[in-house]
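Chemist: Right, I'll just put the structure down here and ask away after.
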Ligand SMILES: Nc1ncnc2c1ncn2[C@@H]1O[C@H](COP(=O)(O)OP(=O)(O)OP(=O)(O)O)[C@@H](O)[C@H]1O
Ligand SMILES: [Mg+2]
C-alpha cells in the first residue's frame with residue numbers, strides 16, 4: 001500500500017516536473033530520477049558483463065553489511081546500556097562524562113571513520129579483519145542514543161517505588177534489576193529503534209574509508225562513479241539499503257512488543 | 001513514662017521534623033509509644049504530618065531532632081532488618097509485573113523459594129478477593145483493586161509492624177468495611193502492631209485500640225483517645241452507643257483546634273464526620 005503510494009508519488013512528481021519544465025529544486029530527467037521500472041529492471045540485469053544479476057550481487061553485499069551493522073548495533077547497545085547504568089549511579093561521573101559523550105556525536109562520522117579503521121584494524125584477529133572496524137563505526141553511532149535514553153529511563157523510576165524498595169532494604173543491584181531496568185525499558189527501546197537504522201547508516205559509511213568492496217557502502221561508491229550513465233543501479237542499491245534499515249527497525253519493534261509489558265498509554 | 005514490662009515496638013521521643021523546603025514544621029515535639037499488638041490510628045486534618053510521622057517511623061524521612069526506636073533498635077536498623085511492611089497512600093505497583101508477581105515482590109527480597117512464594121501469593125489473593133486477576137497487569141485494575149494488591153503485598157511476609165497510610169481511602173464504603181473486618185482478623189491472628197493513618201473518624205474508632213488526634217501547623221498530638229470497645233469487633237460494633245460516644249470524643253478533639261483551622265479544613269472535618 002505505502003509502497004505503491006511511494007511509487008505513484010515518484011512517478012507523478014517526475015511527470016509533473018518534466019512536463020512543466022520546472023528545474024526547482026533540481027532538474028528532473030532520466031538521470032536525477034530514473035523511472036521506477038528502470039530501477040526495478042536494474043535488479044534483474046547484471047551490472048557488469050559476466051556477472052550474476054544485480055539483485056544477487058546486492059543481496060550478498062546486503063548480508064555483509066547487515067553483519068557489520070548487527071555487530072555494531074549489538075556492541076553499541078551493550079556499551080550504551082552499560083554507560084547508562086554506570087552514570088545513573090554517580091552524579092560525579094555524570095557531570096564528568098556526559099559532556100564528552102555528547103561531544104563525541106558532534107564529530108562527523110566521516111571524520112571518525114578513517115581513524116577508527118587505522119586504529120582498530122591492526123588489533124583485530126584475522127576473522128574480524130576489515131569488517132570489524134566497520135562494526136565499531138556503526139557502534140559509534142548506536143551507543144549514543146542508547147546511553148542517553150538508558151540514563152533517562154533508569155532515572156524515570158517512580159520515587160515512591162524507590163521508597164518501597166528502601167523499605168525492603170534492597171541493595172543497589174536489586175533496585176537496579178527489579179525496578180530501574182524495567183522502568184527504563186520503554187526509553188531504551190525507543191533509543192534502540194533509532195539505533196537500528198543508525199547502525200545501518202554507520203556500517204555503510206564505515207565501508208567507504210575501509211576500502212571494503214563486499215558491502216553496500218562499496219557498491220554505492222562504485223555505482224556513484226557510473227551514475228550519469230547508469231543512475232538506476234545506484235537507486236537500486238539505495239532501495240536495498242533502505243530496506244535493510246527497515247528490517248532492522250522492524251526486528252527491534254518486534255522485540256519490544258515481546259519484552260515490554262506496559263500500560264498502552266505509558267509507552268515512551 | 002514508666003519502664004514498661006514489655007518493650008515498646010515503636011518509641012518516638014521528642015521528634016521534630018522541619019522541611020527546609022518551604023520552612024514547614026511538619027512535626028513538633030512528638031512523643032508516642034506503641035506497645036506490642038496495639039492498633040493505633042493517626043487522624044487529623046490534611047497536612048498535619050500524619051504521613052510524615054509514619055515515614056519517620058519507617059526511616060524514610062529523617063527527623064530533624066529526637067529519636068525513633070523500633071523493636072529496640074534504631075529506625076534505620078529496623079528498616080534494614082525488614083521489620084515492617086508499609087502501604088502507601090497510592091498503591092505504587094510495578095506495572096510490568098502481574099498482580100501475583102507484585103504481591104510476591106517482598107517475598108523475592110526475602111529469598112523465599114518459588115513454591116513457597118506461590119502458595120503465599122495464592123493465600124493473599126484469596127484474602128483480598130483478587131484470585132481471578134492473578135495474571136492481570138495493574139493498569140487493567142480499578143484503583144480500589146490496585147490498593148487491595150498493595151495491601152496484600154504488605155501483608156504477604158507477615159511483618160510484625162504494619163504502617164498503613166490511608167490504605168482504604170480509595171475504596172468504596174462496602175469494600176472498605178469488609179477490608180476493615182479482614183484487617184482486624186489478620187491483626188488479631190498475627191498479633192502484629194499497626195499504625196494506621198485515616199481521615200475517617202468512624203474507621204479510626206472501629207479499628208483501633210487507641211486513636212491519636214493530630215493538629216496542624218505545627219504538627220502536634222492534640223490528644224489520644226483510648227478505644228475501650230471489646231474485640232472481636234463486628235458489624236454490630238458500629239451500632240453500639242459506646243461507639244458513638246467515642247466517635248464524638250474524637251470529633252470534639254479535632255474540633256477543639258477548630259479556631260486554628262482554615263475554612264477548607266473545616267469543610268474537610270465536616271466531610272470526615
Ligand atoms: N518532602 C517534603 N518536602 C517539603 N515539605 C513536605 C514534604 N513532605 C511533607 N511536607 C509538608 O509537611 C506537612 C505535613 O505533610 P504530610 O504529608 O505529613 O501531611 P498529612 O497529614 O499526611 O496530610 P494528608 O492527610 O493530606 O495526607 C505539609 O505541610 C507538607 O506540605
Ligand atoms: Mg498523608
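The values are calculated or read from the model by the stated rules, or taken from the named source; none is laboratory data. Being a predicted model, the structure only gives us computed values, none of them experimental. Please note: Cβ atoms are built from the backbone with ideal geometry, for glycine as well, and neighbour counts cover all protein chains shown.
Chemist: Read through the list (1) more than 14 Å from every other protein chain (Cβ to nearest Cβ); (2) away from ligand 2 (no atom under 16 Å from the Cβ), then give the number of the only condition that residue B:141 fails.
Modeler: Looking at each condition in turn, residue B:141 falls short on (1).
Chemist: Could I ask something else about it? Looking at residue B:145, is it out of contact with any strand residue (DSSP E or B) (no Cβ under 7 Å at 6 or more places or on another chain), away from ligand 1 (no atom under 16 Å from the Cβ) and at pLDDT below 90?
Modeler: Answer is yes for this residue.
Chemist: Does the range A:159-173 hold any residues that are more than 7 Å from chain B (Cβ to nearest Cβ) and free of Cβ contacts under 8 Å to residues at least 60 places away in the same chain, and which are they?
Modeler: Within the range A:159-173, A:159, A:162, A:165, A:171, A:173 meet the criteria.
Chemist: Which helices (runs of 4 or more DSSP H) does the range B:125-238 wholly contain that include 3 or more residues that are surrounded by fewer than 15 Cβ atoms within 10 Å (Cβ to Cβ)?
Modeler: It comes to B:173-190.
Chemist: It is to be established whether one or more residues within the range A:251-266 are under 15 Å from residue A:62 (Cβ atoms), at pLDDT 85 or above and away from chain B (no Cβ under 14 Å).
Modeler: Within the range A:251-266 (the criterion being under 15 Å from residue A:62 (Cβ atoms), at pLDDT 85 or above and away from chain B (no Cβ under 14 Å)), the answer is yes, since at least one residue qualifies.
Chemist: For the range B:64-102, how many residues meet the condition of being assigned to a loop (DSSP other than H, G, I, E, B), within 11 Å of another protein chain (Cβ to nearest Cβ) and away from ligand 2 (no atom under 16 Å from the Cβ)?
Modeler: Total meeting the criteria: 9.
Chemist: Can you tell me which residue among A:160, A:152 is modelled with pLDDT of 90 or more, closer than 22 Å to residue A:193 by Cβ, over 19 Å from the mean Cα position of the chain (by Cα) and surrounded by fewer than 20 Cβ atoms within 10 Å (Cβ to Cβ)?
Modeler: Just one listed residue meets the conditions, A:152.
Chemist: Quick check on my filter: what residues within the range B:52-74 are crowded, with 19+ Cβ neighbours inside 10 Å and either in contact (Cβ under 8 Å) with a residue 40 or more places away in the chain or away from ligand 1 (no atom under 16 Å from the Cβ) (or both)?
Modeler: B:52, B:53, B:54, B:56, B:57, B:58, B:61, B:63, B:68, B:69, B:70, B:71
Chemist: Another question, then. Any residue that is more than 14 Å from ligand 1 (Cβ to nearest atom) and assigned to a loop (DSSP other than H, G, I, E, B) - is there at least one of those in the range B:20-29?
Modeler: No, because not a single residue in the range B:20-29 is more than 14 Å from ligand 1 (Cβ to nearest atom) and assigned to a loop (DSSP other than H, G, I, E, B).
Chemist: Go over the candidates A:116, A:181 one by one and state the one that is farther than 30 Å from residue B:76 by Cβ and either assigned to a helix (DSSP H, G or I) or away from chain B (no Cβ under 14 Å) (or both).
Modeler: A:116
Chemist: While we're looking at this one, here's another question. Test residue B:61 against the criterion of being over 30 Å from residue B:189 (Cβ atoms) and within 14 Å of chain A (Cβ to nearest Cβ), and give yes or no.
Modeler: For residue B:61, the condition - over 30 Å from residue B:189 (Cβ atoms) and within 14 Å of chain A (Cβ to nearest Cβ) - is met.
Chemist: Can you tell me how many residues in the range B:30-51 are within 11 Å of ligand 1 (Cβ to nearest atom) and away from chain A (no Cβ under 14 Å)?
Modeler: Number of matching residues: 9.
Chemist: Is it the case that some residue within the range B:186-208 is within 14 Å of another protein chain (Cβ to nearest Cβ), within 16 Å of ligand 2 (Cβ to nearest atom) and either at pLDDT 95 or above or over 16 Å from residue B:130 (Cβ atoms) (or both)?
Modeler: yes
Chemist: Got a sec? Which of A:72, A:96, A:80, A:84 is out of contact with any strand residue (DSSP E or B) (no Cβ under 9 Å at 6 or more places or on another chain), under 30 Å from residue A:177 (Cα atoms) and surrounded by fewer than 12 Cβ atoms within 10 Å (Cβ to Cβ)? Walk me through it before giving the result.
Modeler: Working: A:72 fails: surrounded by fewer than 12 Cβ atoms within 10 Å (Cβ to Cβ); A:80 fails: surrounded by fewer than 12 Cβ atoms within 10 Å (Cβ to Cβ); A:84 fails: surrounded by fewer than 12 Cβ atoms within 10 Å (Cβ to Cβ).
Criteria check complete, one pass: A:96.
Chemist: Any residue that is within 11 Å of chain A (Cβ to nearest Cβ) and surrounded by 22 or more Cβ atoms within 10 Å (Cβ to Cβ) - is there at least one of those in the range B:110-119?
Modeler: Scanning the range B:110-119, I find no residue that is within 11 Å of chain A (Cβ to nearest Cβ) and surrounded by 22 or more Cβ atoms within 10 Å (Cβ to Cβ), so the answer is no.
Chemist: Next question. Condition check: farther than 30 Å from residue B:90 by Cα and part of a helix (DSSP H, G or I). Does residue A:162 satisfy that?
Modeler: Working: farther than 30 Å from residue B:90 by Cα: no; part of a helix (DSSP H, G or I): yes.
Against the criterion (farther than 30 Å from residue B:90 by Cα and part of a helix (DSSP H, G or I)), residue A:162 does not qualify.
Chemist: Here's something else I'd like to know. Which residue out of B:121, B:92 is out of contact with any strand residue (DSSP E or B) (no Cβ under 6 Å at 6 or more places or on another chain), farther than 30 Å from residue B:251 by Cβ, in contact (Cβ under 8 Å) with a residue 12 or more places away in the chain and within 16 Å of ligand 1 (Cβ to nearest atom)? Break it down stepwise before answering.
Modeler: Values: B:121 fails: within 16 Å of ligand 1 (Cβ to nearest atom).
Sole residue among the options that is out of contact with any strand residue (DSSP E or B) (no Cβ under 6 Å at 6 or more places or on another chain), farther than 30 Å from residue B:251 by Cβ, in contact (Cβ under 8 Å) with a residue 12 or more places away in the chain and within 16 Å of ligand 1 (Cβ to nearest atom): B:92.
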